[in-house]
Amino acid sequence: MAESGADLVEVGIPFSDPVADGPVIMAGDLRAFEAGSTTVKIFEMLRRVRQRTNVPIVLLTYINPVFKFGYDAFFKEMAQTEIQGIIVPDVPLEEQGDLQKAADQYQRDLIQLIAPTSMARLPKLVENASGFLYVVSSLGTTGQRADFNNERLQDEIKQIRRVTHLPIAIGFGIHTPEQVAKLAPLADGIIIGSGVVDVIAQHGTSAPQYLREYATALKAGLHDV
Amino acid sequence: MGKTRLIAETGAGQHGVATATVAALFGMEAEIFMGEEDTERQKLNVYRMELLGAKVNAVKTGTRTLKDAVNAAFQNWTQRIDDTFYLIGSAVGPYPFPEMVKHFQSVISREAREQLLSETGRLPDAVIAAVGGGSNAIGAFAHFIDDPEVRLIGVEAAGKGVDTALHAATMAKGSTGIFHGMKSRFVQSDDGQITPVYSISAGLDYPGIGPEHVALMDRGRAEYVPITDEEAVAAFELIAKTEGIIAAIESCHALAYAAKLAPTMAKDQILMVNVSGRGDKDVAAIARYRGVDIHD
């Protein structure tokens, strides 16, 4: 995917109860467990990936696997594997103290999510944010959506730009090159999650070839801007 | 708050029925999330919810029980936050939800305390209640927490036994984790994955427990003990025969422990057991457990 134009790759550590995710990623988590996935094995895989590419990588997982691994041990692994950041959708800013401390110690980014319901807390959310800001496109879980409220998103992003210079990426529901072309002018990046997991679900071990095609098509959507 | 729609999770269906009743009273829309397996084993309550005008959403993910109903309710809430309030039924979730549930459930111990004092002139020696998430138990304990002479005993579901894989004994077998918006105790793997749990009782079939129970256990104020399916079913039969009460299978876990504890106590001591629900909903399943098909 990096070779086909992905500027950043998000790697999910599966969780038994992914409450922020829709059916596509939930099913992906189950397949990963069936294949024997564990946090330790994912770090081992990332070490192998690092020998082949320098593309920035961030993790996406839920708090309990990180908590059980130990915050210090987890962020240390991230630093050693050159994983730049982590997204943890089930810990709100107000409860991030210990996580943020570990992230700071190992100079990793704890990526903040900004949902349509977050706008009142915006100044607090961006105050110590680093890496990029993950703007959640719309209410609900992850998963492919048909359309978006561009006007509302544009207005939110305008408000965010007023309080921070961090790059902004929009995610949740975006999965076609047309959607990428429409939303890209609003932000600095577009995040595709379920779309990618869906390609892997359909093609299994022969997925790399299809992922390459998918990433190239999405990237083309970006260039049409 | 301007909300027009209520959602709730339910295991045994009692909280679902309560939520459906409130919604009917106030003319609100209600959708109840219930694990598909629980809609089967607690059919009577599903019918009651539907009678009250609620929509029952049978959750087909994961273990298809209470934990998955909570997940589905959370997922639905993120989508409908504008018009919906999530009426969490158990003493779980992020602050202030466990506190709110305790406040409303504490009517149990407020009234029980008053009645015991007026009838007997003293406090009970022990209070026993079943714990899944822990709502009825925290309500039964609340007004006795500051009376150290009252033993507080929570009874959790041991399913086929705490030494088998089929139990929901969070206190006996769980460890600290962060899930469903709370730092508490959970049945989980070394990798932090929530492990499937099991109990004959849909209301106790949950891999976590409210954080205040863990705090009560850690400071030695309350004890938590396991009771198996078999012991609970025996208590169901015992209380029916001796008292004429058809008690919910959840409550029968508390009754089973009461039957164990009572013989060790003096005749003039007082044991309070919270019979948190009625057992009509369980009659068919318990008959089946005993090998009798009564065509529910």
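The values are calculated or read from the model by the stated rules, or taken from the named source; none is laboratory data. Treat the numbers as computed from the prediction; the structure is a model and nothing was measured. Cβ coordinates were reconstructed from backbone atoms using ideal geometry, including for glycine residues, and neighbour counts include every protein chain displayed. The accessibility values were calculated without ligands, DNA or RNA, using every heavy atom of the protein model including side chains. Shrake-Rupley method; radii C 1.70, N 1.55, O 1.52, S 1.80 Å.
For this structure, a couple of remarks:
- Each Lys and Arg contributes +1 and each Asp and Glu -1, all at the Cβ; summed about the Cα centre of chain B, the dipole is approximately 180 debye.
- The Cβ shell under 11 Å around B:G134 holds other residues with a net charge of 0, Lys and Arg each +1, Asp and Glu each -1.
- Partners for B:K267 among aspartates and glutamates (Cα-Cα distance below 20 Å; same-chain residues under 8 apart left out): B:E119, B:D125, B:E149, B:E243
- Lys/Arg +1, Asp/Glu -1 at C-beta; the protein assembly as shown dipole; positive extreme among A:P92, A:G171, B:A262: A:G171
- Largest to smallest principal axis extent of the C-alpha atoms in chain A, angstrom: 43, 41, 31
- For chain B, the fraction of C-alpha pairs more than 27 angstrom apart is 38%.
- When the Cα atoms of the protein assembly as shown are aligned to their principal axes, the ranges along those axes come out at 82, 47, 46 Å in descending order.
- Just checking the listed ones, A:A102, A:A35, A:A215: in the Gaussian network model of chain A with Cα springs under 10 Å, the one fluctuating most is A:A35.
- Comparing A:L218, B:A140, B:V273 along the charge dipole axis of the protein assembly as shown, the residue lying farthest to the positive side is A:L218, per the Cβ-charge model.
- Sequence of B:R110, A:R162, A:R48, B:R5 from largest to smallest accessible area, 1.4 Å probe: A:R162, A:R48, B:R110, B:R5
- Under the criterion of Cα pairs below 8 Å and six or more residues apart, the relative contact order for chain B equals 17 percent.
- Under the convention that each Lys and Arg Cβ holds +1 and each Asp and Glu Cβ holds -1, the size of the dipole of the protein assembly as shown around its Cα centre is about 420 debye.
- Proximity of backbone amide H atoms, modeled 1.01 Å from N, is registered between B:A158 and B:A168, B:I227, B:T228, B:D229 at under 5 Å, excluding neighbours fewer than 5 places apart on the same chain.
- Around the amide H of B:G89, modelled in the peptide plane, lie the amide H atoms of B:E9, all under 5 Å away and 5 or more residues distant in sequence or on another chain.
- Overall, segment B:238-290 carries a charge dipole of about 180 debye about its Cα centre when +1 sits on the Cβ of Lys and Arg and -1 on the Cβ of Asp and Glu, all other atoms neutral.
- Legend: translational diffusion of segment B:75-127 by Stokes-Einstein, Rh = Kirkwood radius over C-alpha pairs, 4 °C, 1.567 mPa s; D = 95 µm²/s.
- Rounded to 5, percent antiparallel among DSSP beta bridges of the protein assembly as shown: 15 percent
- Close lysine pairs were tallied over segment B:1-153: pairs 8 or more places apart or on different chains with Cα atoms under 22 Å apart number 6.
- Cross-link pairs A:K101/B:K183; A:K101/A:K124; A:K68/B:K173; A:K124/A:K158; A:K41/A:K219 - those with Cα-Cα distance over 20 Å: A:K41/A:K219
- Length-normalised contact order of segment B:178-232 in % [C-alpha pairs under 8 Å, at least 6 apart]: 30 percent
- With every protein chain in place, segment B:87-205: carbon and sulfur % of accessible area (1.4 Å): 52 percent
- B:H213, A:H203, B:H103, reordered so the largest accessible area comes first (probe 1.4 Å): B:H103, A:H203, B:H213
- Net charge of neighbours whose Cβ lies under 10 Å from the Cβ of B:V233, counting Lys and Arg as +1 and Asp and Glu as -1: -4
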